[in-house]
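Worksheet: one structure, shown below.
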Amino acid sequence: MKPAVIPLPQELAPVVAALEPVLDRLVIVGGWAHRLHGHHPLAKPPAAELLTTWDCDVAVPFEAATETWPDLARRMRDGGFREELSGSEMSEARVYVLEADPNFTVQFLAA
């Protein structure tokens with residue numbers, strides 16, 4: 001049986017396009033997880049308005065840092081995101097900002 005095709009919120013489409021080769025090994029977490037759930041055909045309307053965020057957190061396995069994985073940073077840049085670094089060498093954070101909408105960001109979390 002084929003899985004149901006869930007219509008994506010417009011804001012998430014560039015993320016999915018950029019990460020297409022590894023989508024089966026990633027998990028969207030945080031605020032976007034429940035927003036995506038609401039788009040499933042079997043989802044019931046929420047009892048209250050959902051909290052929304054403009055940042056999208058993506059959990060990736062530790063092996064995503066190896067050379068055997070596609071270059072996620074390059075894919076994000078090619079998909080219309082710019083990389084911003086913050087923090088220090090010990091706790092560096094990389095955030096990908098959507099060029100078309102600088103309020104929308106993506107961050108990868110190792111799991």
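The values are calculated or read from the model by the stated rules, or taken from the named source; none is laboratory data. All of these numbers come straight from a predicted model, not from anything done at the bench. Every residue, glycine among them, receives a Cβ derived from its backbone with ideal geometry; neighbour counts consider all protein chains shown.
The residues on offer are Asp24, Asp78, and the sole one that is exposed (fewer than 13 other Cβ atoms within 10 Å of the Cβ), at pLDDT 90 or above and under 17 Å from the mean Cα position of the chain (by Cα) is Asp78. The condition of being modelled with pLDDT of 75 or more, part of a helix (DSSP H, G or I) and touching a Lys or Arg at 6+ places or on another chain (Cβ under 6 Å) does not hold for Ala13.
Quick grid of which residues meet (1) modelled with pLDDT under 85; (2) surrounded by fewer than 14 Cβ atoms within 10 Å (Cβ to Cβ); (3) part of a loop (DSSP other than H, G, I, E, B):
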{"residue": "Lys2", "(1), (2), (3)": "yes, yes, yes"}
{"residue": "Ile6", "(1), (2), (3)": "yes, yes, yes"}
{"residue": "Leu36", "(1), (2), (3)": "yes, no, no"}
{"residue": "Ala48", "(1), (2), (3)": "yes, yes, yes"}
{"residue": "Ala59", "(1), (2), (3)": "no, no, no"}
{"residue": "Glu84", "(1), (2), (3)": "no, yes, no"}
{"residue": "Ser88", "(1), (2), (3)": "yes, yes, yes"}
{"residue": "Ala100", "(1), (2), (3)": "no, yes, yes"}
